[in-house]
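The values are calculated or read from the model by the stated rules, or taken from the named source; none is laboratory data. Every value quoted in this text rests on a predicted model; they were computed, and no experiment measured them. Positions of Cβ are backbone-derived with ideal geometry, glycine not excepted, and every protein chain shown enters the neighbour counts. Surface accessibility is based on the protein's heavy atoms, side chains included, excluding ligands, DNA and RNA. Shrake-Rupley method; radii C 1.70, N 1.55, O 1.52, S 1.80 Å.
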Amino acid sequence: MMEVKLLDLQAQYAPIREEIRGAIDEVCDTQALILGPAVAKFEKSLAEYCQTKHAIGVTSGTDALLIALMAIGVKPGDEVICPTFTFFATAGSIARLCAKPVFVDIEPHSFNLNPDLLKAAITKKTRAIIPVHLFGQMAKMQPILEIAAHHGLRVIEDAAQAIGAKQTGKAACSVGDAGCLSFYPTKNLGAFGDAGAVCTNDDSLADRLRLLREHGMRPKYYYKEIGGMFRMAAIQAAVLSVKLKYLDQWHQARRRNAALYDRLLQGSGATTPRIDDGNFSIYNQYCVRVPDRDRVRQHLASKGIGSEVYYPMALHQQECFAHLGYKSDAFPHSQRACAEVLALPVYPELPEDQLRYVCSELTAATAK
């Protein structure tokens, strides 16, 4: 039996250990620990990478969503549309502002928000749309932007899983009013703890984001409005600056692994991911659909193979959103995804013999 980890961060760290330690030591020597030169340097590189004028480093991907919603003026009683099949932070950030998450279903092939369902979800209270670029593939932004423009709505891209993803050459974070990134350690670009960023081409929005990330303070000890404490730590920025240089080659390795999965799983009982024309996926996750998913996952675990379920329950079914009044079966494609989706190891350093072993065991499990 072969052991195959879902993700091996030690394998990523080992080749760049000295470079990262040197960057951390530089921050320690300067003792500029919050914002400062290390964060400014990373923000500049990040904005260039994401094809935006501005990048504002913050404390986490969740806080990136929260501060972006604050910056566009979402207030109690407003409605913000988002998919029900996504990580909790998307809707949780809306609810924290006492606004209402309005859920829509996904496209079954991409797992992303279905633009055809947007118009029916828009009311007089709707303020914004949050499309999520799930698993590393961008949502269909053109129709989303057209609908938003027609109704005077803002668009915040949840790109927590999609840094480096592109659609017709345009980078994730660069097409909406703002794009939110997570640098949680398991992301394609991961920090040594929590960190995040908001990217935008809007000068006034960028200025407001910078104001809000330090309690709304400008100048020191004078507060224009109530913000929050969302400042990025310099050590996280230093680590991210090193890793950003390697990100494209890590993406390419993930894409090679995904292509091999696509080929080896043909004829198996697993449905492999489908990438829309014009999309460049960075495969934050490689998710297949399998019938009897939990049994298949148990089989893989018995063979030493790591896997994960993203996500076992849609957001509209969560206890904390019961007050919204959605029926459990309101979003059938999301609920089916919750029952079938299984993420396989796809990290850049995954040895080919391990990937082939995963395919062999998955094929055997889905044949039963």
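Globularity index of region 329-368 is 1.58 (Cα radius of gyration / 2.2 N^0.38 Å, N = number of residues).
Based on DSSP H segments of at least four residues, each scored -39500 (n - 2.57), the chain has a per-residue ellipticity at 222 nm of -11500 deg cm²/dmol.
For a quick check of your reading of the filter: which trypsin sites (Lys or Arg not before Pro) in region 54-148 sit in a DSSP loop and have no more than 13 other Cβ atoms within 10 Å? Hits after loop and neighbour filter: 124, 125. Per residue, region 103-172 exposes 36 Å² of solvent-accessible protein surface, assessed with a 1.4 angstrom probe and all protein chains in place. Separation of the alpha carbons by more than 22 angstrom is noted, of 170/245; 53/119; 124/170; 166/243; 124/166, for 53/119; 124/170; 124/166. Derived from the Cα gyration tensor, the three semi-axes of the equivalent ellipsoid of region 26-119 are 32, 17, 12 Å, largest first. Considering only 273, 211, 306, and ranking their Cα positions along the charge dipole of the chain that arises from unit charges at the beta-carbon of Lys, Arg, Asp and Glu, the one farthest toward the positive end is 211. Summarised as an ellipsoid, region 243-353 has semi-axes of 28, 18, 14 Å, derived from the eigenvalues of the Cα gyration tensor scaled by 5 and square-rooted, with the largest first.
Taking the Cα centre of region 284-325 as reference, the dipole from Cβ charges on Lys and Arg (+1) and Asp and Glu (-1) amounts to some 220 debye. Between region 311-364 and region 252-278, what's the alpha-carbon centroid distance in Å? Rounded to whole Å, the Cα centres lie 16 Å apart.
Counting only Cβ charges, +1 for Lys and Arg and -1 for Asp and Glu, the dipole size of region 174-250 around its Cα centre is about 280 debye. Rounded to the nearest 20 debye, the dipole magnitude of region 279-368 is 260 debye, with +1 charges on Lys and Arg beta carbons, -1 on Asp and Glu beta carbons, and the Cα centre as origin. Extension gain for the segment residue 260 to residue 5, taken as residue separation times 0.36 nm less the Cα-Cα distance, is 90.1 nm to one decimal. Residues in region 1-62 average 56 Å² of solvent-accessible surface per residue, probe 1.4 Å, ligands and nucleic acids excluded.
In region 159-295 the Cα-Cα distances spread across 5 Å bins starting at 0 as 2, 9, 14, 16, 17, 14, 10, 7, 5, 3, 2, 1, 0 percent of all pairs.
Here is the size of region 48-101 from its Cα atoms: Rg then Dmax, 12.2, 36 Å.
Of all the Cα-Cα pairs you can form in region 111-233, what percent are over 26 Å apart? Summing the P(r) of region 111-233 above 26 Å gives 29 percent of all pairs. Of the chymotrypsin sites (Phe, Trp or Tyr not before Pro) found in region 179-248, those in coil by DSSP whose Cβ has at most 16 other Cβ atoms within 10 Å are 221, 222, 246. Along the chain, the longest continuous region that contains none of the GluC sites (Glu not before Pro) in a DSSP loop with at most 12 other C-beta atoms within 10 Å is 4-224. A viscosity of 0.692 mPa s and a temperature of 37 °C, combined with the Kirkwood radius over C-alpha pairs in the Stokes-Einstein formula, give region 122-171 a diffusion coefficient of 286 µm²/s.
The ellipsoid equivalent to the alpha-carbon distribution of the chain has semi-axes of 33, 28, 17 angstrom, derived from the gyration tensor eigenvalues as √(5λ) and listed largest first. Roughly speaking, what is the centre-to-centre gap between region 1-80 and region 179-251 when only Cα atoms are used, to the nearest Å? Distance between centres, Cα-based: 6 Å. Projecting the Cα positions of 70, 165, 241 onto the charge dipole of the chain (unit charges on Cβ atoms of Lys, Arg, Asp and Glu, taken about the Cα centre) puts 70 furthest along the positive direction.
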